[in-house]
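The values are calculated or read from the model by the stated rules, or taken from the named source; none is laboratory data. Computed from a predicted model, the values in this text were never measured in an experiment. Methodologically, a virtual Cβ is constructed for each residue, glycine included, from the backbone with ideal geometry; neighbour enumeration extends over all protein chains shown. Each accessible area value is taken on the protein alone, full model and side chains, heavy atoms only, with ligands, DNA and RNA left out. Shrake-Rupley method; radii C 1.70, N 1.55, O 1.52, S 1.80 Å.
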Amino acid sequence: RFYRNRSVAEVASYLGYGSPRYRIVDSSTEQVPHEYFRGMAQYSVGRTWKEADFRISFAKMRSHPVELVYLTVANVEWVGGRCDQFLFLDRQAHRETAIMMLLDEFPPDYALLDGYDLAADGLVGVMGCPRPPSPRRVYASGDALSLDRVPARHLGMRDARESSILRAAFHWFGEPRSEPR
């Protein structure tokens with residue numbers, strides 16, 4: 001929004017992504033209306049994510065200044081409307097609620113987290129850090145919330161509920177099916 005040459009298509013082209021075997025989708029440009037069963041402030045979803053036969057949340061392991069960690073559960077945030085669309089003069093809507101609404105009706109079937117090399121950590125890890133650790137780990141699970149508990153611990157969190165997004169996920173969906181290892 002504030003920089004040139006930062007669209008999904010432009011970045012994909014710059015990085016050499018493009019093939020007749022797959023397509024690159026900018027979810028923000030293909031929002032379709034959707035009436036969610038519960039929650040508020042989320043009124044759309046990316047068509048490709050909505051209509052997918054199999055959804056994968058593929059995230060990069062990183063810390064976050066507000067969330068502490070920003071992993072596979074938080075990664076779906078941009079499948080719906082932009083977070084600045086949840087700001088209103090007359091009421092407050094939390095972005096965690098918008099993310100949980102997406103996860104409730106359009107959950108990922110599989111979660112994959114790249115923690116192999118350059119896992120940005122620290123106060124602004126989501127934006128990068130001068131000396132990122134290389135944990136040499138790749139995390140995978142059929143349950144994104146179960147998955148996120150493990151790398152959260154590996155990033156130094158005693159309890160994944162310290163992150164407001166993960167705390168909201170526990171509140172909405174209960175305890176994960178499996179115990180982290």
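Testing the spin-label approximation: label points 7 Å from Cα along Cα→Cβ at ARG137 and TYR22. State their distance in nm.
2.4
Please compute the per residue accessible area over the chain with all protein chains in place, 1.4 Å probe, rounded to a whole number of Å². Numbers along the way, then the final one.
On the way: 11290 Å² over 181 residues.
For the chain, the solvent-accessible area averages 62 Å² per residue.
Taking every alpha carbon pair in the chain, what does the distance histogram look like in 10 angstrom bins from 0, in percent?
Once binned at 10 Å, the Cα pair distances of the chain give 9, 34, 38, 17, 1.
Can you give the accessible area of THR48, probe radius 1.4 Å, in Å² rounded to 10?
40
If you take every DSSP beta bridge fully contained in the chain, what fraction is antiparallel? Give it as a percent rounded to 5.
On the way: 12 of 17 bridges.
The answer is about 70 percent antiparallel.
At 222 nm, what value in deg cm²/dmol follows for the chain if DSSP H runs of at least 4 each add -39500 (n - 2.57) and the sum is divided by all its residues, to the nearest 500? Let's see the in-between values first.
Values: 5 runs with 44 residues, N = 181.
Result for the chain: -7000 deg cm²/dmol, rounded to the nearest 500.
Could you derive backbone 3J(HN,Hα) for the stretch 110-122 from the dihedral phi with the Karplus parameters 6.51, -1.76 and 1.60 (θ = phi - 60°), listing whole Hz in sequence and x where the residue is Gly or Pro?
Ordered by residue, 3J(HN,Hα) equals 8, 10, 9, 10, 8, x, 6, 9, 6, 8, 4, 9, x Hz.
More than 15 angstrom separation, counting every C-alpha pair in the stretch 127-171; what % is that?
On the way: 512 of 990 pairs.
Of all Cα-Cα pairs in the stretch 127-171, 52 percent lie more than 15 Å apart.
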